[in-house]
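Here, each number is a calculation from the coordinates, and none is a lab measurement. Keep in mind the model is a prediction, meaning the values are calculated, not measured. Using ideal geometry, Cβ is built from the backbone for each residue, glycine included, and neighbour counts are taken over all protein chains shown.
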Amino acid sequence: MFDAASSPGQHRRPLPPAQSPTEGVPSPRTPTGAQQSRQQPTQSTQPTQGDRPGKQRDAFFDNAKYLAIVLVAMGHSWEPLKGDSRILEGLYTVVYAFHMPAFIIISGFFSRSFDMRPDRLKRLITGVAVPYIVFETAYPLFKRFVDHSPGQEISLLDPWYLTWFLCALFIWRLTTPIWKLIRRPLPVALGIAMLASVTPSIGDDLDLQRVLQFLPYFVLGLCMKPEHFQLVRRPWVRAAAVPVFAAALAVGWWAVPRMSTGWFYHRDSAQELGGPWWSGPVMVIAMFGCSLLLTACFFAWVPGRKTWFTSLGAGTLCGYLLHGFLVKFADYRGWFDPAALHRPLGEILVTVLAATAVTLLCTSPVRRVFSFAMEPKMEWAFKQDAAELARERQQKEREREREKVGV
């Protein structure tokens, strides 16, 4: 079901079948027969309330998603504090160089099967578009209520705070058939990102700067195969990741007074960041290289075995969208203002609290409570697909035949 993006005439080994994602951010499943061979990670999908019989989640991707979302929450909690600490701002810079690229690459990898089939379009709407509408409406209302900002408008064309990712994922997934069709998708995506970086007239609608500048990471995920993730998990790569991250932290500390963190957000053009036009394409390529290097090091450290947090990988979309309310509430109420929080021990405390909060938000009870917004069924909104009904009938017939023979 998940076919890698390939050039015409290029032979690709078929991948095992899996469900399509329902929450917009994929999570892995592995056929039970693949448990005997651990040479490759397998693709994943986002479950609703339970896994299909015969399927088992792949721990590597669940672990990677959970750790990435923890880094996202930690980074957001550092924003009100980093101005008082060069070390924290350097660490913030390094984390922002790879945490969203890693998440987007995984999303692209598990979007490879997407086509315009009705059932997949339906899951795209219920798992991405509907949560975007719900939270794009909820965040401004939340700001009005907590921060007493009556002028805060609700606009589905201007993603607010965290919702840009859902908007981007919706657009990226819709273009997936195009990237699977063209011969050199990654260079084309990089070219589009470079052009976007010198086009301030794009504006803020649908956060298109981010959509286009982060596009190469999604396309890279589409082009990847399972064995590519296995390559970065070799022992020597894990060992090499230590000095690489140490060097990245040193460069991040050095760059604090010399470089705007706006480059890491990918939401503005070069001109809007105060640079010459030619700096946009240069920074796109430089940031792409740095982000891939740090992302590879991050994947190298992700455990491939099942851990205490592996099951939380299924709830990363929930943790991603909900933790923003906690961060914004604390910011609106001035909870980041005490001087004690702007010292090392206070910064560590905030970091631990952010990691703990997003961990709790990824748990099954929270997912069940917010399933109406994260993974709505919405059968009432769609026509019955004849092909899907035929597949269901065939499945039921096969099950009845097995019951007759006592299987």
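Observations
- A simple count of charges around VAL198, restricted to other residues whose Cβ falls under 14 Å of its Cβ and scoring Lys, Arg +1 and Asp, Glu -1, yields -2.
- Shape class of segment 60-146 from the alpha-carbon gyration tensor: oblate, with a/c at 1.5 or above and b/c at least as large as a/b.
- Three-way shape label, segment 30-404, alpha-carbon gyration tensor, a/c 1.5: rounded
- The simple spin-label model puts a point 7 Å past each Cα toward its Cβ; for VAL244 and THR363 those points are separated by 3.5 nm.
- In this label model, ILE87 and ALA129 are separated by 4.9 nm, measuring between points 7 Å along each Cα→Cβ vector.
- Among CYS290, CYS362, CYS223, sorting on how many other beta-carbon atoms sit within 10 Å of each Cβ, with the fewest leading, yields CYS290, CYS223, CYS362.
- With an a/c value of 1.5 or above and a/b larger than b/c for the gyration tensor axes a ≥ b ≥ c computed over the alpha-carbon atoms, segment 100-237 is described as prolate.
- For trypsin sites (Lys or Arg not before Pro), the sites in segment 152-223 that DSSP calls loop and that have at most 15 other Cβ atoms within 10 Å are ARG183.
- Ranked list, fewest to most other Cβ atoms within 10 Å of each Cβ, for MET74, MET116: MET116, MET74
- Remark: spin-label model distance ASP205-LEU174 equals 1.2 nm, labels positioned 7 Å along the Cα→Cβ axis.
- Taking the Cα centre of segment 30-404 as origin and assigning +1 to Lys and Arg Cβ atoms and -1 to Asp and Glu Cβ atoms, the resulting dipole is close to 1500 debye.
- Converting the Cα gyration tensor eigenvalues of segment 148-216 into ellipsoid dimensions via √(5λ) gives semi-axes, longest first, of 27, 14, 8 Å.
- Trypsin sites (Lys or Arg not before Pro) lying in DSSP loop within segment 352-399, provided at most 16 other Cβ fall within 10 Å: LYS377, LYS383
- Extension gain, LEU195 back to ASP119 (0.36 nm per residue minus Cα-Cα distance, nm): 23.9 nm
- Restricting segment 216-316 to trypsin sites (Lys or Arg not before Pro) that sit in a DSSP loop and have at most 10 other Cβ atoms within 10 Å of their own Cβ leaves ARG258, ARG305.
- Mean-position separation - Cα centroids, segment 294-359 and segment 101-128, in angstrom: 25 Å
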